[in-house]
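These notes concern the structure reproduced below.
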Amino acid sequence: MSSTSSSYKSSKRHELAPSRTAVTIPTIAPVIGNYSHSNTIPSNKSTVYLSGFMGDLPGDGRIISGGIAAQTTQIMRNLKAVLEASGSGLNKLVQRRVFLVDMGDLKTIDRIWGEWVKEPYPVSTCVQVVRLAKEAAKVEIEVVAETN
């Protein structure tokens, strides 16, 4: 992870402003977190679809200990690494889906998300589930991003 991740950190393409248009309008319910009502990607852009990520540790895939904050931070590290390896970045996200075991954890997830993702925010859906694929996992996040 670190060798792939570090090679992409120096790439100038990740320093460019995202080309998508994010829309949040005042005539419907206001957003209650770090997301937009819609995102439009120009036709000359490609997209990358990431699988859902839980708080998996690199190497052995165990879920990181330390609760929802530690799991969310590890998810953000994993998303960043895969996006960069795919020619994208956290600044190019257009969609986020959050699956969590306890809706009470959403404020913590959104606080940490906001430390990693800045405006324009992707669209977002959050769903509480009974359980995730790994028993210790409390949250899973899936994203879509533009790539070029």
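Run through segment 77-148 and list the GluC sites (Glu not before Pro) located in a DSSP loop whose Cβ has at most 13 other Cβ atoms within 10 Å.
Sites meeting the loop and neighbour criteria: Glu135.
Once you list every other residue whose beta carbon is under 14 Å from the beta carbon of Met54, what net charge do they have if Lys and Arg are +1 and Asp and Glu are -1?
Combined, the nearby Lys, Arg, Asp and Glu give 0.
If you take every residue apart from Thr72 with its C-beta less than 13 Å away from the C-beta of Thr72, what net charge results, scoring Lys and Arg +1 and Asp and Glu -1?
Once all neighbours under 13 Å are counted, the net charge is 0.
Are there trypsin sites (Lys or Arg not before Pro) in segment 60-144 that DSSP puts in a loop and that have at most 16 other Cβ atoms within 10 Å, and which ones?
Arg62, Lys118, Arg131, Lys134
Loop-only chymotrypsin sites (Phe, Trp or Tyr not before Pro) in segment 82-129, please: DSSP not H, G, I, E or B, and at most 13 other Cβ atoms within 10 Å.
Passing both the DSSP loop test and the Cβ count: no residue.
Every number here is computed from the coordinates shown, using simple stated rules; none is lab data. Worth saying up front: this structure is predicted, and the values here are computed from it rather than measured. Note that each Cβ is placed from the backbone with ideal geometry, even for glycine, and that neighbours are counted across all protein chains shown.
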